[in-house]
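The block underneath contains the structure these notes are about, expressed in C-alpha coordinates.
The values are calculated or read from the model by the stated rules, or taken from the named source; none is laboratory data. Predicted, not measured: the structure shown is a model, and the values here were computed from it. Positions of Cβ are generated from backbone atoms using ideal geometry, with glycine treated the same way; all protein chains shown enter the neighbour counts.
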Amino acid sequence: MIQNIANPVAEIVSVNRAQIEHRATWMGLIYDELVKAGIDAEPIIRRAIKRCGVMHGENFKKQCADPSNAVDFKDAFLGDETKVGPQSFNMSDIKADQDNVTVDFHYCALVSAWQKLGFSDETCELLCDMAMDGDRGIAEAMGLTLNLGDTIAKGCATCKLHFHK
(Lines give C-alpha, C1' and ligand atoms only; values in the text may rest on other atoms or scores of the structure.)
Protein backbone atom coordinates (compact mmCIF):
# COMPACT_ATOMS: atom_id res chain seq x y z
CA MET A 1 0.00 0.00 0.00
CA ILE A 2 1.37 3.36 -1.01
CA GLN A 3 1.97 5.83 1.82
CA ASN A 4 2.67 9.29 0.39
CA ILE A 5 2.06 12.02 2.92
CA ALA A 6 2.92 15.62 2.12
CA ASN A 7 4.89 17.51 4.73
CA PRO A 8 4.04 21.16 5.46
CA VAL A 9 5.91 23.48 3.08
CA ALA A 10 6.19 27.12 2.07
CA GLU A 11 3.72 28.48 -0.49
CA ILE A 12 6.25 28.47 -3.35
CA VAL A 13 6.92 24.78 -2.72
CA SER A 14 3.16 24.08 -2.69
CA VAL A 15 2.86 25.85 -6.04
CA ASN A 16 5.70 23.75 -7.44
CA ARG A 17 4.07 20.57 -6.15
CA ALA A 18 0.81 21.58 -7.85
CA GLN A 19 2.68 22.07 -11.13
CA ILE A 20 4.28 18.64 -10.77
CA GLU A 21 0.87 17.11 -10.04
CA HIS A 22 -0.55 18.80 -13.14
CA ARG A 23 2.21 17.28 -15.29
CA ALA A 24 1.62 13.86 -13.73
CA THR A 25 -2.13 14.16 -14.31
CA TRP A 26 -1.53 14.71 -18.01
CA MET A 27 0.83 11.76 -18.15
CA GLY A 28 -1.55 9.46 -16.31
CA LEU A 29 -4.58 10.43 -18.38
CA ILE A 30 -2.68 10.08 -21.67
CA TYR A 31 -1.50 6.63 -20.58
CA ASP A 32 -5.05 5.66 -19.56
CA GLU A 33 -6.58 6.86 -22.84
CA LEU A 34 -3.96 5.05 -24.93
CA VAL A 35 -4.59 1.83 -23.02
CA LYS A 36 -8.36 2.24 -23.43
CA ALA A 37 -7.78 2.67 -27.18
CA GLY A 38 -5.94 -0.66 -27.27
CA ILE A 39 -2.53 0.91 -27.80
CA ASP A 40 0.56 -0.42 -26.05
CA ALA A 41 1.24 2.90 -24.35
CA GLU A 42 4.22 2.01 -22.21
CA PRO A 43 7.01 1.93 -24.82
CA ILE A 44 5.74 5.11 -26.49
CA ILE A 45 5.54 7.04 -23.23
CA ARG A 46 8.92 5.73 -22.08
CA ARG A 47 10.62 6.90 -25.29
CA ALA A 48 9.03 10.37 -25.08
CA ILE A 49 9.90 10.83 -21.41
CA LYS A 50 13.47 9.65 -21.94
CA ARG A 51 13.88 12.09 -24.84
CA CYS A 52 12.75 14.87 -22.54
CA GLY A 53 15.17 13.71 -19.85
CA VAL A 54 18.09 13.68 -22.27
CA MET A 55 17.20 17.24 -23.32
CA HIS A 56 17.16 18.34 -19.67
CA GLY A 57 20.39 16.45 -19.02
CA GLU A 58 22.12 18.31 -21.82
CA ASN A 59 21.02 21.58 -20.20
CA PHE A 60 22.33 20.47 -16.79
CA LYS A 61 25.59 19.45 -18.44
CA LYS A 62 26.01 23.00 -19.78
CA GLN A 63 25.62 24.34 -16.22
CA CYS A 64 28.48 22.20 -14.91
CA ALA A 65 31.99 23.63 -14.71
CA ASP A 66 33.22 20.02 -14.95
CA PRO A 67 30.49 17.73 -16.35
CA SER A 68 32.56 14.67 -15.42
CA ASN A 69 32.31 15.61 -11.73
CA ALA A 70 29.13 14.26 -10.12
CA VAL A 71 29.30 17.03 -7.50
CA ASP A 72 28.83 19.60 -10.28
CA PHE A 73 25.90 17.56 -11.60
CA LYS A 74 24.34 17.45 -8.14
CA ASP A 75 24.66 21.21 -7.81
CA ALA A 76 23.04 21.82 -11.20
CA PHE A 77 20.31 19.17 -10.85
CA LEU A 78 19.40 19.33 -7.16
CA GLY A 79 21.22 22.14 -5.44
CA ASP A 80 20.85 21.57 -1.72
CA GLU A 81 17.97 20.72 0.59
CA THR A 82 16.95 24.40 0.87
CA LYS A 83 16.02 24.72 -2.83
CA VAL A 84 12.43 24.47 -4.08
CA GLY A 85 13.01 21.23 -6.05
CA PRO A 86 14.41 19.27 -3.11
CA GLN A 87 11.73 20.68 -0.82
CA SER A 88 9.01 19.72 -3.32
CA PHE A 89 10.01 16.07 -3.01
CA ASN A 90 10.99 16.40 0.66
CA MET A 91 14.51 15.25 -0.22
CA SER A 92 17.10 14.33 2.35
CA ASP A 93 20.54 12.79 2.48
CA ILE A 94 21.68 14.55 -0.70
CA LYS A 95 25.27 13.41 -1.07
CA ALA A 96 27.79 13.65 -3.87
CA ASP A 97 31.38 12.85 -4.66
CA GLN A 98 33.34 12.73 -7.92
CA ASP A 99 31.50 9.61 -9.14
CA ASN A 100 28.18 9.42 -7.22
CA VAL A 101 25.06 11.33 -6.27
CA THR A 102 22.56 9.83 -3.84
CA VAL A 103 19.31 11.29 -2.59
CA ASP A 104 16.19 10.11 -0.77
CA PHE A 105 12.70 11.43 -1.59
CA HIS A 106 10.11 11.31 1.19
CA TYR A 107 7.17 12.64 -0.86
CA CYS A 108 6.15 12.45 -4.51
CA ALA A 109 3.68 14.88 -6.10
CA LEU A 110 3.44 12.64 -9.16
CA VAL A 111 2.24 9.68 -7.08
CA SER A 112 -0.17 12.04 -5.32
CA ALA A 113 -1.69 13.02 -8.67
CA TRP A 114 -2.04 9.40 -9.80
CA GLN A 115 -3.68 8.45 -6.52
CA LYS A 116 -6.14 11.35 -6.90
CA LEU A 117 -7.04 9.96 -10.33
CA GLY A 118 -7.92 6.66 -8.67
CA PHE A 119 -5.19 4.57 -10.29
CA SER A 120 -4.32 1.29 -8.60
CA ASP A 121 -1.06 0.92 -6.71
CA GLU A 122 0.22 -1.25 -9.57
CA THR A 123 -0.56 1.44 -12.14
CA CYS A 124 1.06 4.10 -9.92
CA GLU A 125 4.18 1.94 -9.74
CA LEU A 126 4.27 1.56 -13.54
CA LEU A 127 3.68 5.28 -14.11
CA CYS A 128 6.43 6.05 -11.60
CA ASP A 129 8.91 3.82 -13.39
CA MET A 130 8.00 5.38 -16.73
CA ALA A 131 8.41 8.88 -15.25
CA MET A 132 11.84 7.86 -13.94
CA ASP A 133 12.89 7.34 -17.56
CA GLY A 134 13.25 11.13 -17.58
CA ASP A 135 15.79 10.90 -14.78
CA ARG A 136 17.44 7.98 -16.57
CA GLY A 137 17.73 10.21 -19.64
CA ILE A 138 19.25 13.00 -17.53
CA ALA A 139 21.77 10.50 -16.17
CA GLU A 140 22.58 9.24 -19.67
CA ALA A 141 23.22 12.77 -20.96
CA MET A 142 25.58 13.32 -18.03
CA GLY A 143 27.47 10.08 -18.68
CA LEU A 144 25.96 8.51 -15.56
CA THR A 145 23.71 5.60 -14.72
CA LEU A 146 20.69 5.87 -12.45
CA ASN A 147 19.92 3.07 -10.04
CA LEU A 148 16.48 3.39 -8.54
CA GLY A 149 16.14 1.53 -5.26
CA ASP A 150 13.08 1.83 -3.08
CA THR A 151 10.21 3.91 -4.41
CA ILE A 152 7.17 5.46 -2.79
CA ALA A 153 5.10 4.00 -5.62
CA LYS A 154 6.20 0.49 -4.55
CA GLY A 155 4.96 1.23 -1.04
CA CYS A 156 8.37 2.08 0.41
CA ALA A 157 8.86 4.98 2.80
CA THR A 158 11.20 6.76 0.38
CA CYS A 159 12.52 6.79 -3.16
CA LYS A 160 16.24 6.12 -3.20
CA LEU A 161 18.11 7.43 -6.23
CA HIS A 162 21.77 6.72 -6.98
CA PHE A 163 23.40 8.40 -9.98
CA HIS A 164 26.86 7.01 -10.65
CA LYS A 165 29.63 6.55 -13.18
Selection from the stretch 55-76 of residues out of contact with any Cys (no Cβ under 7 Å at 6 or more places or on another chain), assigned to a helix (DSSP H, G or I) and not hydrophobic (A, V, I, L, M, F, W, C) yields His56, Gly57, Glu58, Asn59, Lys61, Lys62, Gln63, Lys74, Asp75
Tell me whether the stretch 98-107 contains one or more residues that are in contact (Cβ under 8 Å) with a residue 60 or more places away in the chain, closer than 19 Å to Met132 by Cα and in contact with a helix residue (DSSP H, G or I) (Cβ under 7 Å, 6 or more places away or on another chain). yes
Can you list the strands (runs of 3 or more DSSP E) lying wholly within the stretch 77-165 that have 1 or more residues being out of contact with any Pro (no Cβ under 9 Å at 6 or more places or on another chain) and buried (at least 22 other Cβ atoms within 10 Å of the Cβ)? 91-96, 100-105, 159-164
Do we have Pro8 as in contact (Cβ under 8 Å) with a residue 24 or more places away in the chain, over 18 Å from Ala153 (Cβ atoms) and part of a loop (DSSP other than H, G, I, E, B) here? no
Which one of Asp72, Asp66 is over 30 Å from Thr123 (Cβ atoms) and surrounded by 13 or more Cβ atoms within 10 Å (Cβ to Cβ)? Asp72
Any chance the stretch 42-51 includes a residue that's surrounded by 13 or more Cβ atoms within 10 Å (Cβ to Cβ), under 23 Å from Gln115 (Cβ atoms), among the aliphatic types (A, V, I, L, M) and modelled with pLDDT under 95? no
Kindly list the number of the only condition in (1) more than 15 Å from Val111 (Cβ to Cβ); (2) exposed (fewer than 15 other Cβ atoms within 10 Å of the Cβ); (3) of a type outside the set (Gly, Ala, Ser); (4) under 19 Å from the mean Cα position of the chain (by Cα) that fails for Glu11. (4)
